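> Got a structure here, written out as structure tokens. Questions coming.
The values are calculated or read from the model by the stated rules, or taken from the named source; none is laboratory data. As the structure is a prediction and not an experimental result, all values here were calculated from the model. A quick note on method: Cβ atoms are made from the backbone with ideal geometry, for glycine too, and the neighbour counts reach across all protein chains shown. Heavy atoms of the whole protein, side chains included, go into the accessibility calculation; ligands, DNA and RNA do not. Shrake-Rupley method; radii C 1.70, N 1.55, O 1.52, S 1.80 Å.
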Amino acid sequence: MTMTSPVGLSVTLRLRMGAHDAHYAGELVDGARVLALFGDVATELLIRLDGDEGLFRAYEAVEFLAPVYAGDYLEVRGVLTAVGTTSRRMDFEARKVIANLRDKGAAASAAGVVEPAVVVCRARGTCVVPKPLQRIQHHAASEMAPEAILTAALVGAEVTREQTPHLPITAHEIADDAARCREAGAAVVHLHVRKPDGTPSQATELFQEAIDRIRAKTDVIVQTSTGGAVGMSVDERAGPLGCRPEMATLNCGTLNFGADVFVNTRPQIRDLAQRIRAAGSVPELECYEVGHIDEALTLAGEGLLAPPLHFQFVLGVPGGIGAREPIIQFMAAQIPRGSTWGVAAVGRHQKPMIEAALRLGGHARVGLEDNIYLSKGVLAEGSAPLVRQAVDYARSIGRTPVDPSRARTLLGLEKGP
Ligand code: KMH
Ligand code: ZN
């Protein structure tokens, strides 16, 4: 997607609820007051986007989650999630950041910071600005339906056949799954391979066999893993680079990985970055923590990565950063202009987090490596059904999944397959 898209634009208000806001007994502030604040946030978003106050047309969902009292300070945030010809969709959240103590033993004026802040209300809504009233023309047609690159992570290193019979293991099975994912709308496959007994391997020959079979069937971009499985050496992990893949992952920091530790020391990251460059591959920067983004930026500063940078925010690994929408917003705000970013999330977090990423203007990764379920208790029959689900969602919010050729242009993959 273009970096000038207004999707992701956000505004924040912070204000104190006074006695005049407390409509009900016990100094309780009514929910309509919070909705009026969402209205003010929406109006500011519309003014910034269109140069007009616009109109609030409908709320799709409103949840009141905690009471608000006189003396509370609210932080009210709205983010633009989709832009149509005249419609503008937004997500809203109000959080209590300061509260009066209301403690019988304390002074009436006793108050404190609410840490962590409490979400008191969430909502989603749509506003409209009629065409003739739109005074700012910075959202061209191509930006109103921004393109989305969908990646399918087919295999991974951790999922087993015991967990799902649909995991592809042989090169033949992997290639068939890759072709089905491409057909469903994926532009990239993130690739791991397995030995015949199902254990993970980074052997060049096994990757070459899988890539050759994928190439015989489909034009999808192949992004090989250099993460491999926990415990592998850097030499072992670099095996797939012997195939000179179009893309390869670069894991940007160490983290707890469930009960294990996924070790990526700073020298190891630099070593792999150099090997990826030597293979003529374009790195995708796997960030499981905010600090990993900073490490990637440091690498770019050292000349080991060349822009445009491609970030993958990997959320919800037990021991890594959590899978929450504000985390995506924060991570996306850290990366340089001209970079691309996507989200992968583990297990039940996959669907809500890739949907949030698509709403916020990012790209998305699905697939059995991260999540084996299509819905609660229903195993996905390979990664293609998960891709199809992501495609349907992307289209429903005005995003257009791109084919591999367009993705090559967006990612700056000059080399081609
Ligand atoms: N299997 C994980 C330990 C990557 O492919 O670059 C690492 C991983 C990341 O899957
Ligand atoms: Zn992987």
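> Using amide H atoms built 1.01 Å from N in the peptide plane, name the residues 5+ places from Leu285, or on other chains, whose amide H lies under 5 Å from its own.
Residues meeting the amide H criterion: Leu250, His310, Phe311, Gln312.
> Right, something else. By how many degrees, 0 to 90 and rounded to 10, does the Cα axis of helix 384-396 deviate from the longest principal axis of the chain?
That works out to roughly 40 degrees.
> Share of Cα-Cα pairs in segment 203-313 beyond 18 Å, in percent?
Above the 18 Å cut-off, segment 203-313 has 47 percent of its Cα pairs.
> Then there is this: Can you list the HN-Hα couplings for segment 123-136, worked out from phi with the Karplus curve (6.51, -1.76, 1.60; θ = phi - 60°), rounded to whole Hz and with x for Gly and Pro?
Along segment 123-136, the couplings run 7, 10, x, 10, 10, 10, 10, x, 3, x, 8, 6, 8, 10 Hz.
> So, one more: Amide H neighbours of Val317 under 5 Å, at least 5 residues apart or on other chains, H built in the peptide plane: list them.
Val346
> Please report the net charge: other residues with Cβ closer than 15 Å to the Cβ of Leu45, K and R +1, D and E -1.
+1
> In vacuum, with every alpha carbon of segment 1-127 counted as one equal point scatterer, what does the Debye formula give for log10 I(q)/I(0) at q = 0.09, 0.10, 0.20, 0.23 Å⁻¹? Two decimals, please.
So the normalised log intensities are -0.29, -0.35, -1.07, -1.30.
> Which whole-number percent gives the relative contact order of the chain, counting Cα pairs below 8 Å spaced six or more residues apart?
16 percent
> Also, I was wondering about something else. Given Cα positions, please report Rg to Rh for segment 96-194, the hydrodynamic radius being the Kirkwood one.
1.31
> What are the semi-axes of the equivalent ellipsoid for segment 169-224, taken as the square roots of 5 times the Cα gyration tensor eigenvalues, largest first, in whole Å?
They are 19, 10, 10 Å, listed largest first.
> Which order do the peptides 196-209, 332-345 take when ranked by the mean count of other beta-carbon atoms within 10 Å per residue, highest first?
332-345, 196-209
> Would you list which lysines come within 20 Å of Lys217, measuring only between C-alpha atoms, while excluding same-chain residues fewer than 8 positions from it?
Lys415
> Ok, one more. Take the Cα pairs of the chain, get the Kirkwood Rh, then feed it into Stokes-Einstein at 37 °C and 0.692 mPa s and tell me D in µm²/s. Show your work: numbers first, answer last.
Working: Rh = 22.8 Å.
For these conditions, the coefficient is 144 µm²/s.
> Can you pull the percent of segment 212-371's accessible area that's carbon plus sulfur, 1.4 Å probe, other chains left in place?
Values: 2990 of 5690 Å².
The nonpolar share, carbon plus sulfur, comes to 53 percent.
> While we're looking at this one, here's another question. With angles folded into 0 to 90 degrees, how steeply does helix 171-184 sit against the dominant principal axis of the chain? Use alpha carbons for both and round to 10.
40 degrees
> Follow-up question, since we're still on this one. Near the amide H of Leu374, under 5 Å away, which other amide H atoms are found, from residues 5 or more places off or on another chain, if H is placed in the peptide plane?
Sorted by chain and number, the residues that satisfy this are Leu379, Ala380.
> Explain nothing, just compute: Karplus ³J(HN,Hα) = 6.51 cos²θ - 1.76 cosθ + 1.60, θ = phi - 60°, for every residue of segment 345-352 in order, whole Hz, x for Gly and Pro.
Per residue, the Karplus-derived 3J(HN,Hα) values read 9, 8, x, 5, 6, 4, 5, x Hz.
> Still on this structure, I have one more. Can you list the HN-Hα couplings for segment 104-120, worked out from phi with the Karplus curve (6.51, -1.76, 1.60; θ = phi - 60°), rounded to whole Hz and with x for Gly and Pro?
4, x, 9, 4, 4, 8, 5, 8, x, 6, 8, 10, x, 4, 9, 6, 9
> OK, next. Three principal axis extents, largest first, for the C-alpha atoms of segment 301-417, in Å?
Computed over the Cα atoms, the extents are 46, 33, 25 Å.
> Hey, another quick one. Compute the whole-percent fraction of alpha carbon pairs in segment 144-243 spaced more than 23 Å apart.
23 percent
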